Amino acid sequence: MIPNNKSEILRIGLMSSGTGEGSLNLIKSIKEITHKIPVNIEFIFCNREYGEYYGSDKFLDEINNYNVPIITISSKKFRKNNKGSYEDEILNQLSKYNFDLILLTGYMLITKKIHNKYATYNLHPALPGGPKGKWDEVINELIETKCNKSGLMIHKVIDEVDSGECITFCSFDINYSAPNREKQFLNIRKRIIGLESRFICKTIEMLSTNELKLEEDKSIDLTKYLN
């Protein structure tokens, strides 16, 4: 159950691959907001271990300073050394914790068993109905199709990738005045990174105060809160 009064605490689990600047900024921002609103991080899961990737090593350095349970199961090592289900291994670990929902913040693997067992929501760098896929694929499609507007959304994770019901979104205009495609790409990426931490934190805040109710069949435009 999501909290139904301000004295209750929203309990969230976070899953991330910790690959880069975006994931690191998100996790820092979410941790900071837990000191201001009734939200508790019950666990942080990463599918990489130390030594696999520079970006995820920085991510793990950061979260190991938090007073939060950390779960690391290397997807690369697991698939090399085991015949069983990687998601079953994750679910075995998650069963030890009590939480209301899972937020995917830069988690690069496809889930199925996890989101069918637990309420799971994903931060995606596009508007509802916009491009699907990884953030770089999204940006490339925006440029190729000359979209003049994009944004971010948080949606329920379902079997079809990036297609679940949107609960919150925000938008921004795309400026193509940069002289070449590379700079256009970087400008869009900069807009996404500049918004995503504030966007996900505002969503978490509204969930914690019951302004946003997951059981309601509607999405909320948060653009006005982020300008």
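What the table shows:
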{"item": "Checklist (1) surrounded by 15 or more Cβ atoms within 10 Å (Cβ to Cβ); (2) farther than 23 Å from Leu222 by Cβ applied to Lys112, failing item", "result": "(1)"}
{"item": "Candidates Asn40, Asn47, Asn67, Asn82, filtered to the one that is more than 30 Å from Met206 (Cα to Cα) and not hydrophobic (A, V, I, L, M, F, W, C)", "result": "Asn82"}
{"item": "Neighbours by Cβ (under 6 Å, 6+ apart or cross-chain): first from the stretch 51-80, over 17 Å from Gly13 (Cβ atoms); second aromatic (Phe, Trp, Tyr) and not in a helix (DSSP H, G or I)", "result": "Asp57/Tyr50"}
{"item": "Verdict on Asn227 being of a type outside the set (A, V, I, L, M), surrounded by fewer than 16 Cβ atoms within 10 Å (Cβ to Cβ) and either modelled with pLDDT of 95 or more or within 20 Å of the chain's Cα centre (by Cα) (or both)", "result": "no"}
{"item": "Matching residues, the stretch 139-162, being buried (at least 19 other Cβ atoms within 10 Å of the Cβ) and touching a helix residue (DSSP H, G or I) at 6+ places or on another chain (Cβ under 7 Å)", "result": "Ile139, Leu142, Ser150, Leu152, Ile154, Val157"}
{"item": "Candidate set from the stretch 14-27 (those that are in contact (Cβ under 8 Å) with a residue 40 or more places away in the chain and not polar (S, T, N, Q)); member that is nearest to Asp100 (Cα to Cα)", "result": "Leu14"}
{"item": "For Val138: the one exception among (1) touching a residue at least 60 places away in the same chain (Cβ under 8 Å); (2) of a type in the set (A, V, I, L, M); (3) within 16 Å of Thr19 (Cβ to Cβ); (4) not in a loop (DSSP other than H, G, I, E, B)", "result": "(1)"}
{"item": "Qualifying helices (runs of 4 or more DSSP H) (wholly inside the stretch 1-107; at least 1 residues being touching a Gly at 6+ places or on another chain (Cβ under 8 Å))", "result": "21-33, 54-63, 86-94"}
{"item": "Scope the stretch 151-192; condition farther than 23 Å from Leu109 by Cα, part of a loop (DSSP other than H, G, I, E, B) and either touching a residue at least 60 places away in the same chain (Cβ under 8 Å) or among the polar types (S, T, N, Q) (or both); matching residues", "result": "Asn175, Ser177, Asn180"}
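Residue-wise test of (1) under 18 Å from Ile110 (Cα atoms); (2) modelled with pLDDT under 95.
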site: Phe45; (1), (2): yes, no
site: Arg48; (1), (2): yes, no
site: Glu52; (1), (2): no, yes
site: Ile70; (1), (2): no, no
site: Ile73; (1), (2): yes, no
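The values are calculated or read from the model by the stated rules, or taken from the named source; none is laboratory data. Keep in mind that this is a model prediction, so the values were computed, not measured. Note that each Cβ is placed from the backbone with ideal geometry, even for glycine, and that neighbours are counted across all protein chains shown.
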